[in-house]
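*Asks:* Input: one structure, supplied below.
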Amino acid sequence: MNILGISAYYHDSSACLFQDGKLVFACEEEKFTGVKHDSRFPVNTIEYIKQHYTDKFDLICYYEKPSLKLLRAFKHNWKSIPRILYTNIKLWFELKKISKNIFYSTHHDSHLMYSYYSSPYNDATLVSIDGVGEEETLKVVEAKNGKFTTKTTITYPHSLGLLYSAITAYLGFKPNEGEYKVMGLASYGDPSEYKGKFRKLLCYRKGLQVNMKYFTWDESNKVMFNHKLIKLLGDNRLPNEPITQRHKDIAASLQWIYEKALFHFLNEHPGENLCLSGGCAYNGTANGKIKENTSYKNIWIPTSPSDAGSCIGACLNYLKVRIPDNPFLGPEYDLEFCNSKPLDINTVAKELNKGKVVGWYEGKIEFGARALGHRSILANPTLPGMQDRINALIKKREMFRPFAPMVLKSAQNVYFESNDYVPYMNQVVKVKEEYRSQLPAVTHVDGTARIQTVHDKKSKIFKLLKSFETQSKFPILLNTSFNIKDKTMVLTPEDAFKTFTETDMDILVINNKMYYKNDKID
Ligand SMILES: [Fe+2]
């Protein structure tokens with residue numbers, strides 16, 4: 001049986017394929033189109049599935065219920081009715097062209113089922129937090145003895161995700177995209193001055209209420225906050241204006257209030273195993289503090305907890321089967337350039353140790369926002385200045401954004417104050433005091449790092465980390481996604497080669513071949 005999962009028309013469209021109950025493929029549309037957070041119907045992803053797997057689909061699982069979204073518009077925002085109605089009609093025709101059988105999951109159940117069925121737990125608390133689904137913005141479900149019981153729901157317009165996005169917009173960044181930047185900026189700020197003001201934005205009556213006196217997302221499709229917020233916090237920052245200490249303090253206050261709310265809900269529903277999902281589950285800083293602020297001992301966050309992952313979640317809500325822990329689900333390509341050399345992992349490790357920067361391209365592309373060793377830029381984390389070099393000459397992005405380390409799981413607690421299983425880079429943890437100055441390129445200003453633990457002994461990246469350890473004593477590499485600022489991760493070897501030539505990388509590895517910058521490549 002072929003089941004096509006689809007998520008579309010909000011942000012991060014995606015599609016996946018289950019064949020006879022097994023997940024065989026998943027990819028976001030943006031990886032094909034190059035348009036970041038592409039929300040269009042995932043025609044290119046579906047075309048890839050048709051060409052490489054099957055063009056006959058017994059069922060489509062769609063990630064949410066379009067009719068309930070329309071109902072929300074009737075209740076809260078009349079202005080958005082024509083847009084939602086038009087999208088729903090277009091969607092219906094697009095789905096019917098592919099298959100006459102359609103299962104519509106609900107938005108938050110798609111999030112929750114993806115995190116649960118990809119987790120190692122039978123009993124767990126499932127928590128989903130995002131901007132908004134159909135009407136829900138937060139949902140807590142208890143999974144016990146094979147049964148799911150809803151414990152809490154928060155509904156629109158009250159939304160932690162939209163609050164985070166609105167302050168992201170206030171700080172001059174793009175909502176649904178700039179939240180990472182605000183999270184990075186928060187580490188440079190002090191929340192104490194704005195805490196009192198932020199307390200006015202949120203209260204816990206009826207679960208959670210955002211003070212809508214300051215916000216407009218329920219009445220406008222373009223602006224998320226109003227002049228009352230400006231009166232409360234001061235002038236908002238425009239995108240090209242310099243970032244001041246005040247902006248950093250406001251970012252820190254936002255992060256503080258988000259964490260407080262997250263721990264509030266988790267402490268209302270104490271437990272041992274937590275499956276976290278929804279766009280807010282990308283907030284690694286908050287995730288890294290869950291254990292010390294709640295009863296939870298084990299945390300699972302899937303590789304793509306936001307709406308992109310919900311194409312898988314919709315299928316899992318229908319199938320109710322477990323899926324393996326594997327993020328490498330997208331397309332794979334190979335291409336032989338002339339003048340290549342066979343890949344020698346020890347040589348790459350030696351060059352990394354000398355300070356060379358490596359573009360590392362391997363097999364199937366990662367599903368989710370993070371590069372996990374198949375489309376990565378790698379560098380030596382022990383070298384001072386490496387962060388600035390990569391930021392300025394390769395990634396061409398804001399200097400305040402930190403880079404993340406990948407570390408062998410066996411050595412994780414030697415260098416970091418964490419022993420968790422974190423294969424998908426979704427927790428920010430403390431770097432041990434004594435190693436902070438030795439790992440300058442991956443230690444953030446507040447002494448933390450967003451780690452990725454590497455487990456698979458057969459993988460090339462594991463072997464590279466091992467080899468780098470013999471060179472440098474550190475089984476740790478700086479890992480950032482293989483792309484430049486505002487571009488999507490490279491998909492094909494041609495994309496990788498183009499980015500390699502346009503930036504200040506030294507070595508390019510494509511599957512089993514390697515190239516030096518000065519090699520003549522045809
Ligand atoms: Fe969502």
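Please treat every number below as a calculation from the coordinates, not as lab data. This is a predicted model, so every value here is computed, not measured. No Cβ is skipped: glycine too gets one built from the backbone with ideal geometry, and neighbour counts run over all protein chains shown.
*Asks:* Rounded to the nearest 5, what is the percent of antiparallel bridges among the DSSP beta bridges in the chain? Before the final figure, lay out the partial values.
*Replies:* Numbers: 53 of 74 bridges.
Among the beta bridges of the chain, antiparallel pairing accounts for roughly 70 percent.
*Asks:* Just to confirm a number: summing +1 for Lys and Arg and -1 for Asp and Glu over residues other than ALA379 whose beta-carbon lies under 13 angstrom from that of ALA379, what do you get? Before the final figure, lay out the partial values.
*Replies:* Working: positive: LYS354, LYS356, ARG389, LYS395; negative: GLU351, ASP388, ASP504, ASP506.
Net local charge, ALA379 excluded: 0.
*Asks:* Using Cα-Cα distances under 8 Å and only pairs 6 or more residues apart, what relative contact order does the chain have, in percent? Mind dumping the intermediate values first?
*Replies:* Values: 1140 pairs, mean separation 82.4, N = 522.
The normalised contact order for the chain reaches 16 percent.
*Asks:* Now for a different question. If you take every residue apart from ILE257 with its C-beta less than 9 Å away from the C-beta of ILE257, what net charge results, scoring Lys and Arg +1 and Asp and Glu -1?
*Replies:* Combined, the nearby Lys, Arg, Asp and Glu give +2.
*Asks:* Along the charge dipole of segment 120-301, which of GLY131, ASN211, ASN298 sits closest to the positive end, that is, farthest toward it, with unit charges on the beta carbon of Lys, Arg, Asp and Glu (+1, +1, -1, -1)?
*Replies:* ASN211
*Asks:* Considering the dipole of segment 341-516 built from charges on the beta carbon (Lys and Arg +1, Asp and Glu -1) around the Cα centre, which of PRO405, ASN353, LEU383 is farthest to its positive end?
*Replies:* Most positive-ward Cα: ASN353.
*Asks:* Something else now. Shape call for segment 36-127 from the C-alpha gyration tensor, a ≥ b ≥ c root eigenvalues: rounded (a/c under 1.5), prolate (a/b greater than b/c) or oblate? Could you put the intermediate results ahead of the total?
*Replies:* Numbers: a/c = 2.01, a/b = 1.07, b/c = 1.88.
The shape class here is oblate.
*Asks:* Oh, and also: First check a/c for segment 326-379, with a ≥ b ≥ c the square roots of the eigenvalues of its C-alpha gyration tensor; if it is under 1.5, answer rounded, and if not, answer prolate when a/b is larger than b/c or oblate otherwise.
*Replies:* oblate
*Asks:* Rounded to whole Å, give me the distance from the Cα center of segment 429-479 to that of segment 234-290.
*Replies:* Taking the Cα centre of segment 234-290 as reference, the centre of segment 429-479 is 25 Å away.
*Asks:* Tell me, what is the percent relative contact order of segment 398-522, built from C-alpha pairs under 8 Å that lie six or more residues apart?
*Replies:* Working: 159 pairs, mean separation 29.9, N = 125.
Dividing the mean separation by the residue count of segment 398-522 yields 24 percent.
*Asks:* While we're here: Roughly how far apart, in whole Å, are the Cα centres of segment 22-75 and segment 307-323?
*Replies:* Taking the Cα centre of each part, segment 22-75 and segment 307-323 sit 12 Å apart.
*Asks:* Another question about this same structure. Would you mind ranking LYS513, LYS69, LYS90 so that the residue whose beta carbon has the fewest other beta carbons within 10 Å leads the list?
*Replies:* Numbers: LYS513 18, LYS69 21, LYS90 13.
By the 10 Å Cβ count, ascending: LYS90, LYS513, LYS69.
*Asks:* Counting helices only, and only those DSSP H runs with n ≥ 4, report the 222 nm mean residue ellipticity of the chain as the sum of -39,500 (n - 2.57) divided by its residues, in deg cm²/dmol to the nearest 500.
*Replies:* Values: 19 runs with 172 residues, N = 522.
That calculation yields -9500 deg cm²/dmol at 222 nm.
*Asks:* Related question: Just tell me which aspartates and glutamates come within less than 15 Å, Cα to Cα, of LYS144; anything on the same chain fewer than 8 places away is out.
*Replies:* Excluding near neighbours in sequence, the set is ASP123, GLU272.
*Asks:* What are the DSSP H helices in the chain that stretch 30 Å or more along their long axis, judged by alpha-carbon atoms, and whose average Kyte-Doolittle hydropathy comes to at least -0.5?
*Replies:* On the way: long enough: 245-268 (34 Å, -0.47).
Within the chain the helices that satisfy the rule are 245-268.
*Asks:* Over all directions, average the projected area of the Cα convex hull of segment 390-522 and note it in nm².
*Replies:* 8.8
*Asks:* Give the cross-link partners of LYS79 among the lysines, using a straight C-alpha distance below 18 Å as the criterion and excluding same-chain residues fewer than 8 apart.
*Replies:* LYS69, LYS222
*Asks:* Moving to a separate point now. If the only charges are +1 at each Lys and Arg Cβ and -1 at each Asp and Glu Cβ, what is the size of the charge dipole of segment 341-516 around the Cα centre, to the nearest 20 debye? Write out the running numbers ahead of the final one.
*Replies:* Working: 27 positive and 19 negative charges, 59 e Å.
Result for segment 341-516 is approximately 280 debye, rounded to the nearest 20.
*Asks:* Do the alpha carbons of any pairs in LYS139/LYS432; LYS31/LYS463; LYS206/LYS291; LYS50/LYS517 sit beyond 29 Å of each other, and which pairs? Kindly include the intermediate steps, with their values, before the conclusion.
*Replies:* Numbers: LYS139/LYS432 35 Å; LYS31/LYS463 27 Å; LYS206/LYS291 26 Å; LYS50/LYS517 37 Å.
In this structure, LYS139/LYS432; LYS50/LYS517 lie more than 29 Å apart at Cα.
*Asks:* Exceeding 23 Å between C-alpha atoms, which entries from my cross-link table qualify? They are LYS65/LYS100; LYS97/LYS174; LYS100/LYS364; LYS174/LYS356; LYS396/LYS458. Display every interim value, and only then the final one.
*Replies:* Values: LYS65/LYS100 16 Å; LYS97/LYS174 34 Å; LYS100/LYS364 31 Å; LYS174/LYS356 33 Å; LYS396/LYS458 33 Å.
Pairs exceeding 23 Å: LYS97/LYS174; LYS100/LYS364; LYS174/LYS356; LYS396/LYS458.
*Asks:* Can you give the convex hull volume of the alpha carbon atoms of the chain per residue, in Å³? Each step should come with its number before you reach the end.
*Replies:* Numbers: hull volume 74.4 nm³, N = 522.
About 142 Å³ per residue, rounded to a whole number.
*Asks:* Another question, then. Can you put THR45, THR54 in order of Cβ neighbours within 10 angstrom, beginning with the fewest?
*Replies:* On the way: THR45 30, THR54 14.
So the residues, fewest neighbours to most, are THR54, THR45.
*Asks:* About the Cα centre of the chain, how large is the charge dipole given +1 on each Lys and Arg Cβ and -1 on each Asp and Glu Cβ? Please answer in debye to the nearest 20.
*Replies:* Working: 70 positive and 57 negative charges, 167 e Å.
Using only the charged Cβ atoms, the result is roughly 800 debye.
*Asks:* Let me ask you something else. Counting other beta carbons within 10 Å of each Cβ, put LYS36, LYS181, LYS297 in order, fewest first. Provide the component values of the computation, followed by the final result.
*Replies:* Values: LYS36 17, LYS181 20, LYS297 12.
Exposure proxy ranking, most exposed first: LYS297, LYS36, LYS181.
*Asks:* If the cut-off is a Cα-Cα distance under 16 Å, which aspartates and glutamates reach LYS466, setting aside same-chain residues fewer than 8 apart in sequence?
*Replies:* By straight Cα distance, LYS466 reaches ASP344, GLU351, ASP456.
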